[in-house]
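Below you'll find the structure, written out as structure tokens, and then a few comments.
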Amino acid sequence: MPEEIRLQAYMANCGVASRRKCEEIITSGRVKVNGIVVDKLGSKVSSKDVVTVDGRIIEKEEHVYYVLNKPRGYVTTLDDEFGRKKVIDLFAKEDLAYRIFPIGRLDYDTQGVLLFTNDGELANKLTSPHSNVEKEYLARVEGKAGKEELAKLVRGVVINGYKTKPAEVEVIEYKKDTNTSLLRLIITEGKYHQVKNMCEAVGLPVKRLTRLRFATISTEGIAKGEYRRLKIHEVKQLYNL
């Protein structure tokens, strides 16, 4: 008897999207199993079932993994109602054929490491609230970052009623002429505008933000707007986190 798995997990394995996004697709009524609409979570399928999304049959495909050095001025969403430049536009057609999507996101005005894949299982693993994946940033902030501000960031700050997890923070430099500090931060969460909100909470508004590293992956040797496929050992490292 073929092994059965949850529908959203099957869809993620087929590269439709992350598991969380697949759940949204299911509940919106866009999925059929053997010709019958399934819009409630909890259903299971096997390799013998025919699953369609928006009328297209999905099946497991080769998984691919990329790291992009995202430039500023690009949105991470795959569609943008305002006509802004999208990160997906930076990929070649042959890579887009794998139906890749970003793992997490970076703000419009933030640059640096952004991972892409069609492996929904890995995407879900890396973006789970319990993943504790390290993300390293450089932040140019307004003002002089003193011991008090750094101590608050290290301990965790309250944002919208939620206290952030402890972070690693150090001051790289202070520019007296512009009254700005350059901070290096390592966090293990990925909430919306997290680094910006953390710095704002201690009176150090962010002027420029760069993500240097996501887990074990950096943009070393990759020009802005360029990307490369991850090596096998890099993918294994991500799975073993």
The distance between the Cα centres of the range 43-61 and the range 137-164, in whole Å, is 46
What lysines sit close enough to K85 to cross-link, taking a C-alpha to C-alpha distance under 20 Å and skipping anything fewer than 8 places away on the same chain? K70, K93, K224
Average accessible surface area per residue within the chain, 1.4 Å rolling probe, Å²: 54
Of all GluC sites (Glu not before Pro) in the range 193-241, the ones in DSSP coil with at most 14 other Cβ atoms within 10 Å are E220, E226
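Within the range 158-241, report the chymotrypsin sites (Phe, Trp or Tyr not before Pro) that DSSP leaves as loop and that have at most 13 other Cβ atoms within 10 Å.
Numbers: sites: Y162, Y174, Y192, F214, Y227, Y239; in loops: Y192.
Those satisfying the criteria are Y192.
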Filter the GluC sites (Glu not before Pro) in the range 39-97 to those in DSSP coil with at most 14 other Cβ atoms within 10 Å of their Cβ, and list the result. E59, E61, E62, E81
Quick one: work out the % antiparallel among DSSP beta bridges in the chain, nearest 5. 90
Of the accessible area of the range 114-229, computed with a 1.4 Å probe and all protein chains kept, carbon and sulfur make up a percent value of 48
Honestly the range 170-217 on the Cα gyration tensor test (a ≥ b ≥ c root eigenvalues; a/c under 1.5 rounded, otherwise a/b vs b/c for prolate or oblate) is just oblate
Helix-only [θ] at 222 nm, the chain, -39500 (n - 2.57) per DSSP H run of 4+, per residue, nearest 500, equals -5500 deg cm²/dmol
Looking at the square roots a ≥ b ≥ c of the eigenvalues of the Cα gyration tensor of the range 1-87, which shape do they give, rounded for a/c under 1.5, prolate if a/b is larger than b/c, or oblate? prolate
Sequence gap at least 6, Cα distance under 8 Å: using those rules, report the relative contact order of the range 126-241 to the nearest whole percent. 35
Scoring the chain by relative contact order with C-alpha pairs under 8 Å, at least six apart, yields a percentage of 21
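The values are calculated or read from the model by the stated rules, or taken from the named source; none is laboratory data. Please read all numbers here as calculations on a predicted model, not as lab measurements. Cβ sites come from the backbone with ideal geometry, for glycine too, and all protein chains shown count toward neighbours. Note: accessible area is taken over every heavy atom of the protein model, side chains too, but ligands, DNA and RNA are not part of it. Shrake-Rupley method; radii C 1.70, N 1.55, O 1.52, S 1.80 Å.
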